[in-house]
Amino acid sequence: MRYTILTESTMWSTETLKQKVERILNEKTRDGYEIVSVAFGVNMWWLPTAFITLRKNY
């Protein structure tokens with residue numbers, strides 16, 4: 001099993017971030033990844049940030 005953690009940030013809006021995350025999740029699940037978790041928060045510059053944990057069996 002292999003885990004991957006992705007982070008995605010935006011300076012504009014949480015709606016833009018949500019759309020980016022949805023696109024990433026759809027793309028990664030098509031590639032065979034399983035979604036472990038998705039969390040939203042802020043990074044050290046207070047930008048809205050998503051943390052996505054994925055898993056893939058090999």
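The values are calculated or read from the model by the stated rules, or taken from the named source; none is laboratory data. All figures in this text were calculated on a predicted structure; none of them were measured in a lab. In this analysis, Cβ positions are derived from the backbone assuming ideal geometry, glycine residues included, and neighbour counts consider all displayed protein chains. Note: areas computed on protein heavy atoms with side chains; ligands, DNA, RNA excluded. Shrake-Rupley method; radii C 1.70, N 1.55, O 1.52, S 1.80 Å.
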Looking at the range 27-58 only, could you name the residues that are among the hydroxyl-bearing types (Ser, Thr, Tyr) and over 16 Å from Thr16 (Cβ atoms)? Thr29, Tyr33, Ser37, Thr53, Tyr58
Whether any residue in the range 30-50 is part of a helix (DSSP H, G or I), open to solvent by less than 80 Å² (accessible area, probe 1.4 Å) and free of Cβ contacts under 8 Å to residues at least 60 places away in the same chain is what I want to check. no
Being open to solvent by less than 50 Å² (accessible area, probe 1.4 Å) and part of a strand (DSSP E or B), is that true of even one residue in the range 8-23? yes
Those residues of the range 21-51 which are within 12 Å of Ser9 (Cβ to Cβ) and of a type in the set (A, V, I, L, M, F, W, C), in sequence order: Val21, Phe40, Val42, Met44, Trp45, Trp46, Leu47, Ala50, Phe51
